[in-house]
Each structure stands twice: as C-alpha cells, then as structure tokens.
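*Asks:* One structure, pasted below without further comment.
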Amino acid sequence: MSTPRSRYLLALGACLGTVLFLLLGIGALGIVGDGDRDWLYLAAPAVLLVVAVATRFRPDGMVLALAAAAATTVVAGVVAVVLVAADDMAASIADVIMLTVMYAGLFAVGAWLFSRVRVSGA
C-alpha cells in the first residue's frame, strides 16, 4: 500500500532524475551539436527550481513547477530548431526535436506523479 509520503518521494526521485539526465545530456553528449547552444535547456531546471521554492515544494506547487519546466523545455527546443535550421549546423533537426520531446515528457511524467501524491490508493 502506497502512502502519500512514498508517492512524494517517488515523484521527487523522478524530478531529480530528469534534471540530472538533462544535465548529463547537455554536458557530456550535447543536444544541439557541438556548440554552446545546449545552455538553452538550462532554463527548464532554473524555472523548476524557482517555482518549486516559491511553492515550498508542496505537491500542487511541484505539479506547476514541473509543468512549467516541460513547457520551458519545449520553448528551448523550438529556439534550438530555429538556430539549427538558420545556421545549417551539424546537428540534426530530428534529433533536437526527439530529445526535446523526451525531456519535456520526462518533466510531464514527474508532474503527473506529483499530481498523484494526494490521491488515495485504490
């Protein structure tokens, strides 16, 4: 039987895992080729942290924070696609889109997990 505390910890683990995975993707692998344009994606963890602190890490606030991070990731992806298309960089537009969707999806899963924290177990 899951408790609200265990669901919160699972959601928090998914959130932190997504942020670490994003940082690994930016630092080691690169999302938008070899340039410094991967830093666009750091806006998502920044937004997540600001909203999470503002809402005191409460479950409802974390849903909002992770949804905002997912939306920020999509905006960063759109900007990255425009930059790749305009500069004819070595990065693939399809790769940038797929990675953006993956990271935004992971943030969305974290938001969904936080939305389940207060729901009683069925």
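The values are calculated or read from the model by the stated rules, or taken from the named source; none is laboratory data. Just so it is clear, the structure is predicted and the values come from calculations on it, not from any experiment. For neighbour counting, all protein chains shown are included, and Cβ atoms are generated from backbone atoms with ideal geometry for every residue, glycine included.
*Asks:* Determine which member of the set ASP38, ASP34 is under 18 Å from LEU22 (Cα atoms), assigned to a helix (DSSP H, G or I) and among the charged types (D, E, K, R).
*Replies:* Among ASP38, ASP34, only ASP38 is under 18 Å from LEU22 (Cα atoms), assigned to a helix (DSSP H, G or I) and among the charged types (D, E, K, R).
*Asks:* Name the residue, out of VAL47, VAL32, that is of a type in the set (Val, Ile, Thr) and over 14 Å from the mean Cα position of the chain (by Cα).
*Replies:* Being of a type in the set (Val, Ile, Thr) and over 14 Å from the mean Cα position of the chain (by Cα) holds for just one of VAL47, VAL32, which is VAL32.
Table: residues versus (1) within 19 Å of ALA68 (Cα to Cα); (2) surrounded by fewer than 16 Cβ atoms within 10 Å (Cβ to Cβ); (3) in contact with a strand residue (DSSP E or B) (Cβ under 9 Å, 6 or more places away or on another chain); (4) not aliphatic (A, V, I, L, M).
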{"site": "SER2", "(1), (2), (3), (4)": "no, yes, no, yes"}
{"site": "ALA14", "(1), (2), (3), (4)": "yes, no, no, no"}
{"site": "LEU22", "(1), (2), (3), (4)": "yes, no, no, no"}
{"site": "GLY25", "(1), (2), (3), (4)": "no, no, no, yes"}
{"site": "LEU29", "(1), (2), (3), (4)": "no, yes, no, no"}
{"site": "VAL32", "(1), (2), (3), (4)": "no, no, no, no"}
{"site": "ASP38", "(1), (2), (3), (4)": "yes, no, no, yes"}
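*Asks:* Being hydrophobic (A, V, I, L, M, F, W, C) and surrounded by fewer than 15 Cβ atoms within 10 Å (Cβ to Cβ) is the filter; apply it to region 80-100 and report the residue that is modelled with the highest pLDDT.
*Replies:* MET98
*Asks:* When you check GLY27 against the structure, is it under 16 Å from LEU106 (Cβ atoms), not hydroxyl-bearing (Ser, Thr, Tyr) and not in a loop (DSSP other than H, G, I, E, B), yes or no?
*Replies:* When the stated conditions are applied, GLY27 does not pass them.
*Asks:* OK, next. Checking the conditions here, which among VAL51, VAL75 is assigned to a helix (DSSP H, G or I), at pLDDT 95 or above and over 19 Å from TRP112 (Cα atoms)?
*Replies:* The conditions single out VAL75.
*Asks:* Does ALA69 count as in contact (Cβ under 8 Å) with a residue 12 or more places away in the chain, farther than 21 Å from ALA91 by Cα, in a helix (DSSP H, G or I) and in contact with a Pro (Cβ under 9 Å, 6 or more places away or on another chain)?
*Replies:* Judged against the criteria, ALA69 is a match.
*Asks:* Taking the stated definitions as given, is VAL84 out of contact with any strand residue (DSSP E or B) (no Cβ under 6 Å at 6 or more places or on another chain) and either among the aromatic types (Phe, Trp, Tyr) or in a helix (DSSP H, G or I) (or both)?
*Replies:* yes
*Asks:* Within 23 Å of ALA14 (Cβ to Cβ) and of a type in the set (Ser, Thr, Tyr) - does that describe any residue in region 82-92?
*Replies:* no
*Asks:* Related question: Starting from region 1-25, keep only residues that are more than 15 Å from ARG58 (Cα to Cα), then list their pairs with residues that are part of a helix (DSSP H, G or I) and among the small types (Gly, Ala, Ser) whose Cβ atoms are within a distance under 8 Å, requiring at least 6 positions of separation or different chains.
*Replies:* If the second residue must be part of a helix (DSSP H, G or I) and among the small types (Gly, Ala, Ser), the pairs left are ALA14/GLY110; THR18/GLY110; LEU22/ALA44.
*Asks:* Are any of the residues in region 66-84 of a type in the set (S, T, N, Q) and farther than 14 Å from GLY110 by Cβ?
*Replies:* Within region 66-84, not a single residue is of a type in the set (S, T, N, Q) and farther than 14 Å from GLY110 by Cβ.
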